[in-house]
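Notes for the one structure printed next.
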Amino acid sequence: MDFPVSPRRAAAARRGFCAQYTHHHLVVFVLTFFSYALLHASRKAFSNVKVSISNQWTPAGINTSLYIVDPNMTWNGSDLFPDHESATIFLGLLDTIFLFSYAVGLFISGIIGDRLNMRYVLTFGMCSSAVTMFVFGTVTEWLHFYNKIFYCCLWVVNGLLQSTGWPCVVAVMGNWFGKSGRGVVFGLWSACASVGNILGAFLASSVLQYGYEYAFLVTASVQFAGGWVIFFGLVTTPKELGLPDAGEEENESAAQEEEANRPLMSGDYEGDSESSYSIQAPDNDNPTQAIGFIQACCLPGVLLYSLAYACLKLVNYSFFFWLPFYLSINFHWKEAEADQLSIWYDIGGIIGGTIQGLISDLMQKRSPVLAVSLVLAVGALFGYSRSPNSKLINAVLMTITGFFIGGPSNMISSAISADLGRQEMVRGSSEALATVTGIVDGTGSVGAALGQVLVSVIQGGLGWMWVFYFFILMTFLTILFIIPLIVREMRSAWRNRRTSRLAG
């Protein structure tokens with residue numbers, strides 16, 4: 001999106017990019033980064049052990065639990081599914097259930113996050129989700145309790161609990177980091193999801209030899225401990241330490257610039273200008289009210305970015321949920337090797353989000369950078385779909401695909417969501433960050449949930465190649481939603497340049 005600034009403010013921002021941050025900013029950056037990384041690590045644990053779970057749920061499955069006397073004994077006591085295809089469909093259904101409940105939870109959690117202490121909300125979500133993961137993957141296996149309805153109910157609860165994470169961490173970051181340099185800061189910070197995927201893959205693969213239940217045990221324990229660190233260590237807003245909020249600094253600097261550019265002889269407009277200034281000036285005596293859900297949806301760019309993210313997150317999360325499974329089934333690689341190889345997609349997303357965020361800061365525009373990356377993503381998807389049975393070539397193509405798919409996805413869900421929640425129209429109600437983030441990410445999760453159903457259906461009926469064609473189609477739709485945003489930004493930039501020339 002477009003956020004025009006004057007040359008004087010841009011130069012000052014460049015000079016003070018590092019000086020404006022304190023050790024408090026670093027602590028907030030690290031804590032929010034790893035809190036969401038741990039949430040993603042627990043999700044990755046499930047996607048990385050799908051083959052083992054499928055084996056356990058079918059008569060031909062081998063139970064590798066340490067608590068069975070004969071490790072080669074076949075479990076036939078309760079045939080949950082007759083074959084691996086039925087188990088795979090149910091695993092895809094669980095992904096869909098999780099994403100739908102996650103999407104619903106995002107719309108609710110965004111509203112709650114703007115009204116309650118986000119530290120409490122985030123702590124509750126992390127700890128409760130860890131308990132749910134532990135029951136789903138560890139307790140049920142230890143007790144040999146396999147029930148479809150119970151699994152579905154647990155996954156609905158887990159989706160709702162995990163939805164508390166993203167709106168809160170983005171809002172906290174938005175409170176601490178202003179628009180100056182937000183692209184590169186959030187581009188680097190949004191790697192938390194990819195780092196979580198890598199951490200989850202590492203944890204799962206390191207204990208998978210002992211049984212898939214230990215992958216859930218380890219990730220849930222680490223996440224639960226992280227929740228308590230957040231409770232005792234996170235400061236959600238600079239106001240808690242007596243420092244100015246990032247939004248207030250932006251508003252104050254804008255008001256000062258407007259005051260500096262006001263003509264000395266303002267004549268009849270003096271009273272109106274003074275009144276306008278008093279409205280926009282921060283008033284610390286009166287706490288800001290959280291913006292309503294409908295108001296947030298009507299903010300410029302929110303709906304278009306939400307629809308674009310629905311298509312893009314469908315592709316990104318399909319790689320997240322199905323990539324290790326695809327590598328194991330399509331190339332017949334070992335599950336642990338597929339888990340470790342899949343991290344290259346996330347590495348590409350980390351690099352892509354950081355570089356593209358930096359470029360968008362330099363251009364002072366977001367959507368053109370997204371559009372160029374997504375056009376290149378079409379070629380990357382086509383190339384990866386034809387990867388040979390070579391781990392080196394596959395890893396290289398996977399990294400390129402992650403760069404052009406994961407990078408834009410990270411930008412929309414973090415930096416752009418923060419821009420949308422901090423635009424001028426909500427200056428009088430700055431508590432909009434979590435609500436806007438919940439709308440954007442919630443709409444994206446609806447698209448991702450529908451995508452998991454379609455991926456399993458397309459793969460079962462037509463094969464993996466048609467799944468990649470489907471990804472290419474969704475990428476094209478994402479570009480179509482971004483084109484109107486590019487046109488709006490160009491018009492806004494032209495009007496701003498014209499206004500600057502007239503003022504000069």
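Observations on the structure shown:
- Once the Cβ-Cβ distance of Asn147 and Leu243 is raised to the sixth power relative to R0 = 45 Å, the FRET efficiency obtained is 0.30.
- A Förster distance of 60 Å, applied to the separation of the beta-carbon atoms of Glu85 and Trp228, puts the FRET efficiency at 0.90.
- Order by protection proxy (mean Cβ within 10 Å, highest first), peptides 227-238, 186-197: 186-197, 227-238
- Packing around the peptides 392-398, 134-140, 463-469, taken as the average count of other Cβ atoms within 10 Å per residue, puts them in this order, highest first: 134-140, 392-398, 463-469.
- Descending by average beta-carbon neighbour count within 10 Å, the peptides 478-487, 92-101 line up as 92-101, 478-487, the highest first.
- FRET efficiency for the Arg495 to Phe202 pair, using the beta carbon distance and R₀ = 60 Å, is estimated at 0.75.
- Pairwise label distance in nanometres, Tyr469 with Ile294, each label 7 Å out on the Cα-Cβ vector: 4.4 nm
- Of the cross-linked pairs Lys50/Lys148; Lys148/Lys334; Lys239/Lys365, those separated by over 18 Å at the C-alpha level are Lys148/Lys334; Lys239/Lys365.
All of the numbers you see were taken from the coordinates with simple rules; none came from a lab. Quick caveat: nothing in here was measured; it's all calculated off a predicted structure. In this analysis, Cβ positions are derived from the backbone assuming ideal geometry, glycine residues included, and neighbour counts consider all displayed protein chains.
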